[in-house]
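The values are calculated or read from the model by the stated rules, or taken from the named source; none is laboratory data. This is a predicted model, so every value here is computed, not measured. We place every Cβ from the backbone using ideal geometry, glycine too, and count neighbours over all the protein chains shown.
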Amino acid sequence: MAKLRIPDRYKPGFTAFATLSDQQRQQLVDLLAEVSVENPKSSTAKQVADRLQIDDALALSVVDALLSLPVAQEQLGNSIQEFVDNFMEALASPEYALSDETLTSIQSVLLSFFNSKGNYHLTNKARMLSMQRERLYMSAKVLTDLRPLFAEEEESQIQALTIIHTLQIEYQEDNGIKTIQFALDNVDIGDLKMQLERADKKDSVLKKTVANLPDKIL
């Protein structure tokens with residue numbers, strides 16, 4: 001079996017999960033099994049933050065990471081035990097510097113999480129349906145550089161400076177994580193921002209439109 005690679009997007013969440021106490025980790029997975037399937041991830045994270053008495057941003061990071069696991073397990077087609085063993089091998093990397101005791105505790109909690117019959121299973125099925133695509137977005141960041149423009153006659157003289165933006169997107173394809181980069185200027189950034197804002201508004205409008213229907217919208 002190929003080794004599992006934890007995407008950069010989820011590394012902070014799993015690192016934070018590992019710093020929780022055994023009791024907090026169990027409380028967290030119990031709460032995820034209880035929350036309504038209609039709950040936005042941010043609302044679930046708020047409940048986690050309140051229950052565990054941790055920072056809201058930290059809770060969101062942990063929730064995002066944990067909810068990625070069932071999706072990955074189904075995509076890979078592994079049994080629960082097989083997937084958890086593979087994940088624990090990745091978490092045992094020196095990058096995380098976790099003790100054997102902590103790793104054993106995390107493994108036990110994750111098996112409990114996967115074997116529970118909580119609401120997250122329905123949410124997970126909805127996420128799986130939405131992810132039936134050739135490529136699956138994982139994370140993104142924009143790298144910004146200031147580059148000098150030198151005079152052709154005299155390379156020791158800087159004539160001007162130019163700002164260069166690079167959009168780096170990490171995505172999953174064929175069970176592997178890949179990266180692609182795009183050069184951007186200020187116009188491109190404005191266009192991307194506008195498109196994302198429009199998508200967010202459409203999401204809100206559609207959810208309000210179907211709010212009174214008997215079926216749940218995830």
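For region 161-181, does any single residue satisfy the condition of being under 25 Å from residue 43 (Cβ atoms), of a type in the set (Gly, Ala, Ser) and at pLDDT below 80?
So far as region 161-181 goes, no, none of its residues is under 25 Å from residue 43 (Cβ atoms), of a type in the set (Gly, Ala, Ser) and at pLDDT below 80.
Of all residues in region 87-101 being out of contact with any Phe, Trp or Tyr (no Cβ under 7 Å at 6 or more places or on another chain) and crowded, with 18+ Cβ neighbours inside 10 Å, which is nearest to residue 176 (Cα to Cα)?
Per the stated criteria, the residue is 87.
Please work out which one of (1) crowded, with 17+ Cβ neighbours inside 10 Å; (2) part of a helix (DSSP H, G or I) is the condition residue 104 fails and give its number.
(1)
Residues in region 114-127: is at least one of a type in the set (Val, Ile, Thr) and at pLDDT 85 or above?
Scanning region 114-127 turns up no residue that is of a type in the set (Val, Ile, Thr) and at pLDDT 85 or above.
Can you name every residue in region 48-60 that is under 14 Å from residue 32 (Cβ atoms) and surrounded by 17 or more Cβ atoms within 10 Å (Cβ to Cβ)?
Hits for region 48-60 are 48, 49, 52, 59, 60.
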